[in-house]
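Structure first, then comments.
The values are calculated or read from the model by the stated rules, or taken from the named source; none is laboratory data. Because the structure is predicted, anything quoted here is derived from the model rather than measured. Counting neighbours? That spans all protein chains shown, and the Cβs are built from the backbone with ideal geometry, glycine included. All accessible areas refer to the heavy atoms of the entire protein, side chains included, with ligands and DNA or RNA removed. Shrake-Rupley method; radii C 1.70, N 1.55, O 1.52, S 1.80 Å.
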Amino acid sequence: MKSQDTPFEGGPMDGRVLPVLLGPTGHPPKTYRIPVPDAAGGPPTVLVYRRTPRGHTKRLGLVRGWKYVHDPEGLGDADRLRWPWSKPGPKPAAGSDPDNTPDGKPDDPTG
């Protein structure tokens, strides 16, 4: 498999360059997760890094390379595929509007 030396910015990995395996398209993965073991033997902490362009060419605006930027929130659902036929994510508050039933549809008197 091919790999590419990719720099990391922010967080504990700031300034380090690691070889990252490339996918079938020749790009590194969109998110890079690094599990860090807990010294007390508890569950490991996971550091999340997001792929961003390192720079662009002048004429065509092509991406010159990639770098990873630390994502302190580590949103796991943000990198989920969003197809037009996919179900939407969870609803914000299930009782915010008293005129609606819990699933968000208005009550139907006919049944």
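Residue by residue, here is whether (1) at pLDDT 65 or above; (2) in a loop (DSSP other than H, G, I, E, B) holds:
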site	(1), (2)
PRO7	yes, no
PRO29	yes, yes
GLY65	yes, no
LEU81	yes, yes
PRO98	no, yes
GLY104	no, yes
**Complete:** Residues in segment 1-34 that are in contact with a Leu (Cβ under 8 Å, 6 or more places away or on another chain) and either farther than 13 Å from ARG50 by Cβ or among the aromatic types (Phe, Trp, Tyr) (or both) total 7
**Prompt:** Which residues, counting only those in segment 15-65, are farther than 21 Å from GLN4 by Cα and among the hydroxyl-bearing types (Ser, Thr, Tyr)?
**Reply:** THR45
**Prompt:** Which ones in segment 1-16 are within 21 Å of PRO72 (Cβ to Cβ) and open to solvent by 60 Å² or more (accessible area, probe 1.4 Å)?
**Reply:** GLU9, PRO12, ASP14, GLY15, ARG16
**Long-range neighbours under 8 Å by Cβ, at least six apart or interchain, first residue free of Cβ contacts under 8 Å to residues at least 24 places away in the same chain within segment 12-31, second open to solvent by 90 Å² or more (accessible area, probe 1.4 Å) and in a loop (DSSP other than H, G, I, E, B)** = LEU21/MET1; LEU21/LYS2; LEU22/MET1; LEU22/LYS2
